[in-house]
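The values are calculated or read from the model by the stated rules, or taken from the named source; none is laboratory data. Keep in mind that what you see is a predicted model, and the values were worked out from it rather than measured. Cβ placement follows ideal geometry from the backbone for every residue including glycine, while neighbour counts extend to all protein chains displayed. Side chains are part of the model used for accessible areas, which takes the heavy atoms of the whole protein and leaves out ligands, DNA and RNA. Shrake-Rupley method; radii C 1.70, N 1.55, O 1.52, S 1.80 Å.
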Amino acid sequence: MPLLALSLAVAAAFAPRVALASLDPAPHVEMVWTETPPTLDGRLDEEVWKTAAVIDDFHTAEPRAGGRPSQRTVIRILSDRDAMYVGIECYDDEPDGIVVNHMLRDDVDTYYDDRLNIVIDPFLDRRNGYLFQVNPVGTRRDGLIEGPNFEPNWDGIWAAKARVGRDGWFAEVRIPYKTLSFDPAAKTWGLNFSRGIRRRNEDIRWADPVPHRIVTNTARAGFLDGMGRQVQGVGLDVVPAATTRRVDDRLRDKHYFLFDPSLDAFYRITPGLTGSLTVNTDFGETEVDERQINLDRFQLFFPEKRDFFLQDALIFDFGALSANVEDIEPNGRPFFSRKIGLDADGNPVAIRAAAKVTGRVGRFNVGLLDAQVEGHTLKREDALGRFVERVPGRPDADQHVGTTNLLVGRATMNVLRESRVGFIVTNGDPRTNRSNSLAGVDFDFRDSDFLGTGQVVQGNVWAQNSFTEGGHGTEAAYGGELQLPNDHHFVFLNFRDIAKDFYPALGFVSRADIRRYEGRYRYRTRPPSRLVRTFDNFVWGILVTDRENEVQSLRVDLRPIDIETHTADGLEIAYRRGFERVLVPFPLPVIPQLMIPAGTYHTDEIVVEAESSKHRRLSTYVEARYGGFLSGRRAKVLARVDWRPSRFVRFGLEYDHSELWLDVVNAANARSEVRTAARIARVRVNFQFTPDVSWLTFVQYDNASDRVGVNSRLRWIVSDGREIFLVYNQLLLADDGDVTSVRTEPLAKVGWTFRF
């Protein structure tokens, strides 16, 4: 238990007592049941709302813990047997100052609107739950909570209506119990509410109003009593869908129509355990990946975006290796769902069928996923002749991979107050015809009120081992982490050891045969200023050695200035010192015929970042850096502009330019200095007609592939779970000023949920 002992010592040193409001007993509210539920129209004028339970005791978490809110908030709660109803009264003495710029379902930027968050913990395990968010025009966002992690891509079926009036903004929310997993015998659930007042950057909460914990921390939520009369019905959702598309692939001279029916089904095996089935799955409506140019020698990471794999995704999270957590490197993940149904270049591979069981049984959280994937050819190179992906033990040539069954199992048991211990297993290899499996164990520790100080301490230890047919050597990986994610003092320590032959075929490894050490410390002050809310000093170090402890990489960041204003404008200035040992020459996509030579490189870099708050109609972000880079120098500018003339329209422009001066070698090992550039441009044009109808167009270009991609999607949410998509994809090749169409693919998809 050395990690736990270390956490005790460090936490005790950095654990000043916080505002007394965070230490008060958690508040309670009693559910009121009705036989005449309200009609959702955003107007709380029906008689039934007068009988509802009322919550109006809110305090500020920002800008000051436990303070008095600038505006009054009243929450009313009702329930019938089928759904929970929440009435929201957000009074405002400056209604013209209410910020509402977004109407896109699940838009992460609704954080920059006025908003109301509802957090529900139906199992009262103080670890997991659901978030439901609504803004003043009824735009909805939701997500799953698993311990300290949040999965925003979960889409539940629920409804909300809202309006802005002379006294503020008001909303009605209906959350069907069929949407939730819960223990039917439980009489008490966890519950919390928070309101964001954007123009003041003010965060107010019902329970736990402190800045170093966010509202999704269910460990400190309040209590909803009087439950136990709700029902889920049969608990069966059937979702037939149909996709039709026209494909014109001029690069391969293929032109054809496709019609693909598919079926998804979800069944509540128990109120807390859900079985999911998908047959002949089509993900044509999924948003395309953002282009990346690899300016390093390690594999890039692209996040999962497909709905089937995002549902209950956090149950499969292992050892806090989730890349959804900001700044957490995903290297060493035992399971990465993009390995199922996508090849190494991101192209779809047909999934015949996939089944999943996820949920909770008593103290246990379980997840089991099995998928049957069609055979496909694994390309050594893509259409432009670039190397795609290295897989240990496979030949340097195209290889056909047969139909494959892929299996992932995950289980954790709740221990202590907020902690868990678990294991994971995987079987199958979508990249080769060899057999591969993996087993791992982990322990996650978390305490949101450490030693009664109100401070958070969390950490984990994990170990895993892969088993590859014909493999040689050690295939192990292990690591651990300690965090004190608190307001004044933030501490992060991380260690990983990944053996050279560690090969999780269903996971993600960007760099093997290493030991990696990371440490971060941030000190935050809150000056008594009308302009500045927080002033941070930050130091961050990463050391990577081989397993003989020879240094391979070193990075030290000093950030003496990190300022955020009360309206969330920000400025950061940092100095970065780096070291890289390149053992084998490697190419960059922007200079594919030349190589970065082997050698050791010391670099220094200055970084400046500035951004304006996204609550404004026009917001900007600029990052500029200059200094050493590998065998030479780099000057980089990243500029992003978002203009929202109204909540119905958004124009976004992003340009990422890196000018490189590099010492390189050719095939004959002759050295020279070259000047080259890496450029990515992105344009977004969004029309948000209502919270349920949107038309999004995304155009992007990169000079490594000289390709322009167009993705245009019209989405109509007839009602949650019943959707129509019209999608147009266009791929263009821009070469020496000539633009030619490479691939055109319009498609239409209809999916319709039937609930029983």
note = Options (i) 206; (ii) 156; (iii) 255 for volume of the Cα convex hull per residue in Å³; the value derived from the coordinates is listed as (ii)
Long-range HN-HN contacts of ARG722 with modeled amide H, under 5 Å = THR753
Proximal lysines to LYS305, defined as alpha-carbon separation beneath 20 angstrom and excluding residues fewer than eight positions away on the same chain = LYS339, LYS356, LYS749
inquiry  = In Å², and per residue, what accessible area does the chain have when probed at 1.4 Å with the other protein chains present?
reply    = 42 Å²
ask   = How would you rank 642-655, 55-68, highest first, on the average number of other Cβ atoms within 10 Å across their residues?
value = 55-68, 642-655
query = Under the classification rounded if a/c is under 1.5, otherwise prolate if a/b is larger than b/c and oblate if not, where does the stretch 521-637 fall, given a ≥ b ≥ c as square roots of the Cα gyration tensor eigenvalues?
reply = oblate
inquiry  = Tell me the angle of helix 2-13 to the major Cα principal axis of the chain, expressed in degrees between 0 and 90 and rounded to the nearest ten.
reply    = 60 degrees
Shape box of the stretch 165-235 [Cα atoms, principal axes, largest first, Å] = 45, 32, 19
ask   = Short version: ³J(HN,Hα) in whole Hz for each residue of the stretch 621-635, in order, from phi by Karplus 6.51 cos²θ - 1.76 cosθ + 1.60 (θ = phi - 60°), x for Gly and Pro, what are they?
value = 9, 9, 10, 10, 9, 8, x, x, 8, 6, 8, x, 10, 9, 10
key: Other-chain or far-sequence residues with amide H under 5 Å of ASP429's (modelled H)   = ASN436
note = For the VAL750, THR270 Cβ pair and Förster radius 25 Å, calculated FRET efficiency rounded to 0.05 is 0.20
request  = Please work out the C-alpha center-to-center distance from the stretch 525-561 to the stretch 725-756 and express it in whole Å.
outcome  = 42 Å
ask   = Among 266-278, 211-223, how do they line up from the highest to the lowest mean number of other beta-carbon atoms within 10 Å?
value = 211-223, 266-278
remark   = By the Cα gyration tensor axes a ≥ b ≥ c (a/c under 1.5 gives rounded; else a/b larger than b/c gives prolate, otherwise oblate), the shape of the stretch 112-221 is oblate
message = Please report the carbon-and-sulfur percent of the accessible area for the stretch 405-481; probe 1.4 Å, protein heavy atoms only, DNA, RNA and ligands left out.
response = 64 percent
ask   = In whole Hz, what ³J(HN,Hα) sequence does the stretch 316-321 give by Karplus (6.51, -1.76, 1.60; θ = phi - 60°), x for Gly and Pro?
value = 8, 5, 10, x, 6, 9
request  = Divide by every residue of the chain the summed helix terms, -39500 (n - 2.57) for each DSSP H run of at least 4, and state the resulting mean residue ellipticity at 222 nm, rounded to the nearest 500 deg cm²/dmol.
outcome  = -500 deg cm²/dmol
Partner lysines for LYS50 [C-alpha distance under 24 Å; skip if fewer than 8 residues away on the same chain] = LYS161, LYS187
inquiry  = Can you tell me the convex hull volume per residue for the stretch 19-97, based on C-alpha atoms, in Å³ to the nearest whole number?
reply    = 118 Å³
